[in-house]
Amino acid sequence: MKALVTGCAGFIGSHLVDKLLEKAYEVVGIDCFTDYYSKEIKEENISNALKNLSLKKKALPKKYHKNAKFELIEEDIMNMDNFPEVDYVFHLAAQAGVRASWGKSFEIYTKNNIEATQKLLEFYKDRKIKKFVYASSSSVYGDAELPMRENSLLKPVSPYGVTKLAGENLCYLYWKNYGVPTVSLRYFTVYGPR
């Protein structure tokens, strides 16, 4: 089996890459190493998957890295025309952060959270993938009553939440119109050791 993991050098993405490799998947990772948090942290996150390569330098030496079971493409999804042929797509790449999504930064959120999602869905709509997993957010709920429930009314109260809900809606549209097998996961605050 072969999987694509976008945002593969992030906290969740790098853990998923490690788990998929442990389960003998071939994995292609895409990450553009945005400056939302330190590039050194992201390089460390993905270093286990690239253990045959040296990532101790301040910058990755190339745009493309490969070992036996893992390929890393260091690129912005919006700058790519083609994506790998895979069985599963785990779309975790996004511009994170509720507070930073206001004002002039909103353009970054629409590009990275909405447009990039649509670009991937458009590419994979004509391919035979088994599942397109979209990483959404609990921010789509907004000020929901507690405890939150999956069927609660979705009313985000931040631009970030709006962009994640738009991504969910795009996934639904591509399932409804093209049969893309999508699922959206609404992550709450994710933390743990790395």
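None of the figures in this text is laboratory data; all of them are computed from the coordinates on show. Keep in mind that what you see is a predicted model, and the values were worked out from it rather than measured. Positions of Cβ are backbone-derived with ideal geometry, glycine not excepted, and every protein chain shown enters the neighbour counts.
Of the residues V133, V89, the one with the fewest other Cβ atoms within 10 Å heads the list, and the complete ranking is V133, V89.
Rg over Rh for the range 2-187 works out to 0.97, both radii taken from alpha-carbon positions and Rh defined as the Kirkwood radius.
Using a cut-off of 30 Å between Cα atoms, the listed pairs K39/K125; K131/K164; K69/K155 include K39/K125; K69/K155 as exceeding that distance. FRET efficiency for the Y37 to N177 pair, using the beta carbon distance and R₀ = 30 Å, is estimated at 0.25. Farthest towards the positive end of the charge dipole of the chain, among the residues I46, S158, C171, is the Cα of I46, using unit charges on the Cβ of Lys, Arg, Asp and Glu.
Kindly put L165, L185 in sequence by how many other C-beta atoms sit within 10 Å of each C-beta, fewest to most.
Details: L165 23, L185 13.
By the 10 Å Cβ count, ascending, the order reads L185, L165.
For E44 and R149, FRET efficiency with R0 = 25 Å and r from the beta-carbon atoms, rounded to 0.05? Spell out each step's value before the answer.
Details: r = 37 Å, r/R0 = 1.47.
Calculated transfer efficiency: 0.10.
Calculate I(q)/I(0) for the range 107-194 by the Debye formula, one identical point scatterer on each C-alpha and no solvent, and give its log10 at q = 0.11, 0.15 Å⁻¹ to two decimals. The computed values of log10 I(q)/I(0) come out as -0.33, -0.60. Mean separation of Cα pairs under 8 Å and 6 or more residues apart, divided by the residue count, gives the chain a relative contact order of 20 percent. Can you compute the helix-only [θ] at 222 nm over the chain? Use -39500 (n - 2.57) per DSSP H run of at least 4 residues, normalise by all residues, nearest 500 deg cm²/dmol. It comes out at -8500 deg cm²/dmol, rounded to the nearest 500.
Among L4, L16, sorting on how many other beta-carbon atoms sit within 10 Å of each Cβ, with the fewest leading, yields L16, L4.
If a spin label sat at a point 7 angstrom from the Cα of V157 along the line to its beta carbon, the backbone N atoms of the range 136-150 nearer than 13 Å would be those of 139-146.
Beta-bridge orientation, the range 2-187: approximately 10 percent antiparallel, per DSSP, counting only bridges with both partners inside. Would you be so kind as to identify which of Y37, A94, F83 lies farthest towards the positive end of the dipole of the range 2-187, taking Lys and Arg as +1 and Asp and Glu as -1 on Cβ and the Cα centre as origin? So the residue we want is F83.
Here the range 2-187 is assigned +1 on the Cβ of each Lys and Arg and -1 on the Cβ of each Asp and Glu. Its dipole about the Cα centre then comes out at about 240 debye.
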